[in-house]
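Asks: Attaching a single structure in structure tokens format; questions to follow.
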Amino acid sequence: MSFTYDDVGATRETGFCPPGFHPLHVRTRVGEGEDVFRRAAEAVMTWEMHRAMGVGIDASADRAATDVDVTVTLAGMIKAPCRVVWTVEEYRRTGWAYGTLSGHPECGEEAFVVERTGDGTVWLSVNAFSRPAKWYSRAAGPATRGLQHAYARRCGTVLRRLCGEDT
């Protein structure tokens with residue numbers, strides 16, 4: 001399967017949004033310290049964060065890596081095929097992005113990156129650009145974008161809980 005959009009890998013550049021797409025940027029404080037960063041990074045890279053959110057994940061590998069195929073299943077009914085387009089594993093920054101494949105209800109890319117800042121604070125950033133690809137996504141209009149924002153915020157909430165930092 002091929003990607004359903006042209007700017008593959010563009011979420012590496014925070015804030016980039018191709019013409020005709022809707023941007024998304026949600027940043028959530030996860031906690032503090034090296035242990036929280038390592039735990040959060042592992043949960044993101046191994047799909048644990050997504051599975052803990054209650055979505056189905058069927059991936060061709062146990063860890064996110066470039067060219068790994070992933071199908072996200074929502075509500076047990078909506079299947080969203082994707083492929084990992086880039087990963088990063090650095091001292092203070094770890095994450096990945098996937099792009100949509102044919103059959104996905106949206107068209108675009110979404111990145112999940114955990115970062116530890118200089119003061120030790122750990123953040124999850126969810127950056128994306130998308131537009132509807134299926135009739136039901138188009139029909140839902142702004143509600144689809146609202147659901148995407150809620151999903152991104154929930155990622156942060158779930159990751160904070162997985163790291164034992166939920167307050």
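The values are calculated or read from the model by the stated rules, or taken from the named source; none is laboratory data. Bear in mind the structure is a predicted one, so any value in this text is a computation, not a measurement. Cβ sites come from the backbone with ideal geometry, for glycine too, and all protein chains shown count toward neighbours. Protein only, heavy atoms only, side chains kept; ligands, DNA and RNA dropped before computing areas. Shrake-Rupley method; radii C 1.70, N 1.55, O 1.52, S 1.80 Å.
Asks: Is there a residue being assigned to a strand (DSSP E or B), over 13 Å from the mean Cα position of the chain (by Cα), crowded, with 16+ Cβ neighbours inside 10 Å and among the acidic types (Asp, Glu) anywhere in the stretch 152-165?
Replies: Filtering the stretch 152-165 down to residues assigned to a strand (DSSP E or B) leaves none.
No, the stretch 152-165 has no match at all.
Asks: For the stretch 2-50, how many residues meet the condition of being surrounded by 14 or more Cβ atoms within 10 Å (Cβ to Cβ) and part of a helix (DSSP H, G or I)?
Replies: Looking only at that region, the number is 16.
Asks: Return the residues of the stretch 84-99 that are under 21 Å from His22 (Cβ atoms) and open to solvent by 10 Å² or more (accessible area, probe 1.4 Å); say none if nothing qualifies.
Replies: Matches in the stretch 84-99: Val85, Tyr98.
Asks: Something else about it: For the stretch 51-77, which residues satisfy the criterion of being among the β-branched types (Val, Ile, Thr), under 15 Å from Trp96 (Cβ atoms) and not in a strand (DSSP E or B)? Don't jump to the end; show me each part of the working.
Replies: Let us first name the residues in the stretch 51-77 that are among the β-branched types (Val, Ile, Thr), namely 55, 57, 66, 68, 70-73.
Restricting the remaining residues to those that are under 15 Å from Trp96 (Cβ atoms) gives 57, 66, 68, 70, 72.
Result: Thr66, Val68.
Asks: Here's something else I'd like to know. Cβ-Cβ under 7 Å, sequence separation 6+ or interchain: first residue in the stretch 133-147 and under 18 Å from Gly99 (Cα atoms), partner modelled with pLDDT under 85 and assigned to a helix (DSSP H, G or I). Which pairs?
Replies: Ser137/Thr144
Asks: I need the full set of residues from the stretch 118-151 which are surrounded by fewer than 12 Cβ atoms within 10 Å (Cβ to Cβ) and either at positive phi or assigned to a helix (DSSP H, G or I) (or both), in order please. Step through it out loud before you land on a result.
Replies: Of the stretch 118-151, the ones surrounded by fewer than 12 Cβ atoms within 10 Å (Cβ to Cβ) are 118-119, 135-136, 139, 141-143, 146, 150.
Residues satisfying the conditions are Trp135, Tyr136, Ala139, Gly141, Pro142, Ala143, Gly146, Ala150.
Asks: If you don't mind, another one. Filter the stretch 78-96 down to the residues that are assigned to a strand (DSSP E or B), more than 18 Å from Arg153 (Cβ to Cβ) and at pLDDT 95 or above and list them by number. Break it down stepwise before answering.
Replies: Step one: filter the stretch 78-96 for residues assigned to a strand (DSSP E or B), giving 78-89, 93-96.
With the extra rule that they be more than 18 Å from Arg153 (Cβ to Cβ), the set shrinks to 78-89, 93-94, 96.
Within the stretch 78-96, Pro81, Cys82, Arg83, Val84, Val85, Trp86, Thr87, Val88, Glu89, Arg93, Thr94, Trp96 meet the criteria.
Asks: Looking only at the stretch 53-102, filter to residues that are among the polar types (S, T, N, Q) and free of Cβ contacts under 8 Å to residues at least 60 places away in the same chain; which one of those is farthest from Tyr5 (Cα to Cα)? Explain how you work it out, then say what you get.
Replies: Residues of the stretch 53-102 among the polar types (S, T, N, Q): 60, 66, 71, 73, 87, 94, 100, 102.
Remaining after also requiring free of Cβ contacts under 8 Å to residues at least 60 places away in the same chain: 60, 66, 71, 73, 87, 94.
Values: Ser60: 22, Thr66: 17, Thr71: 17, Thr73: 21, Thr87: 19, Thr94: 24 Å.
Per the criteria, the residue is Thr94.
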